[in-house]
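Single-structure report; data block below.
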Amino acid sequence: MLPELENLIAASRSGLDSSYEERVKEVMTEISKTRDGDQRESLSGRWELIYTTEKEINFFKTSWPFADVSNITQQLDLTNGRSVNNIIQFEGGGQFAVTGNTDVVDGDDEYDRVAFEFTNAKAIVWGREFGLPPVGVGWFDTMYCDDCWRLSRDSRGDWSVFRRIFD
């Protein structure tokens, strides 16, 4: 099932072509049925976002006028610091980053929920750092997580696929 998901991600250009969205969601739901135990135990680490339905992220990928996105990463720590750090890297060295706190919570459905609140945001543009007001409070449900893949949906109705980064 993961090869089919990979093919859909490629065909959808990582979520930019929304005509694949329903099939991606169906495949993600099917994969989630193979989960075993509390998926949050595998979440800590560094992840690359390879698919999302999130409009703000896809805006950066398609309409940001200053530079192309080179990658999007997320660092999660659910054990010691209980933190999240999301970074959008732009070609040429610029970046947009938000950091915040996480907490493991019980949700109302079959997936493992993590709450987050962003507490800091900044942009680095043309070698200068600009503080921005942090925006974002919510949760994400981990539908499936293993050594390489993480499938999530969140409080705003967005669906995402991450690939683990091994440093």
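Every number in this text was worked out from the coordinates using simple rules, so none of it is lab data. All of these numbers come straight from a predicted model, not from anything done at the bench. Using ideal geometry, Cβ is built from the backbone for each residue, glycine included, and neighbour counts are taken over all protein chains shown.
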Exercise. Multiply the residue separation of ASP77 and GLU6 by 0.36 nm, subtract the distance between their alpha-carbon atoms, and state the gained length in nm to one decimal.
Key: 23.0 nm
Quiz item: Amide H to amide H under 5 Å from ILE165: which residues, 5+ apart in sequence or cross-chain, H placed 1.01 Å off N in plane?
Solution: ARG46, TRP47, GLU48
Quiz item: Given a Förster distance of 41 angstrom, what is the FRET efficiency for GLU41 paired with SER63, based on the Cβ-Cβ distance and rounded to 0.05?
Solution: 0.65
Quiz item: Calculated FRET efficiency, SER155 and ILE124, Cβ-Cβ r, R0 35 Å, to nearest 0.05?
Solution: 0.80
Exercise. Hand me the chymotrypsin sites (Phe, Trp or Tyr not before Pro) from segment 3-76 located in a DSSP loop with no more than 16 other Cβ atoms within 10 Å, in residue order please.
Key: PHE66
Quiz item: What distance in nm separates the simple spin-label points at GLU110 and LYS55, each placed 7 Å from Cα in the Cβ direction?
Solution: 3.0
Practice problem: Please give every one of the lysines within straight-line cross-link reach of LYS61, meaning a C-alpha to C-alpha distance under 22 Å, and leave out same-chain neighbours fewer than 8 residues apart. | Solution: LYS25, LYS122
Self-check item: Amide N of segment 78-96 lying under 18 Å from the label point, which is placed 7 angstrom from the Cα of ARG13 along Cα→Cβ
Solution: 91
Practice problem: Set Lys and Arg Cβ to +1 and Asp and Glu Cβ to -1, take the dipole of segment 2-164 about its Cα centre, and tell me which of PHE116, ILE57, GLY138 lies farthest positive. | Solution: ILE57
Practice problem: May I ask you to compute the full-extension gain from VAL137 to GLU91, defined as 0.36 nm times their residue separation minus their alpha-carbon distance, rounded to one decimal in nm? | Solution: 13.7 nm
Practice problem: Using the Cα centre as the reference, give the magnitude of the dipole from point charges on the C-beta atoms of the chain (Lys, Arg: +1; Asp, Glu: -1; all else neutral), rounded to the nearest 20 debye. | Solution: 580
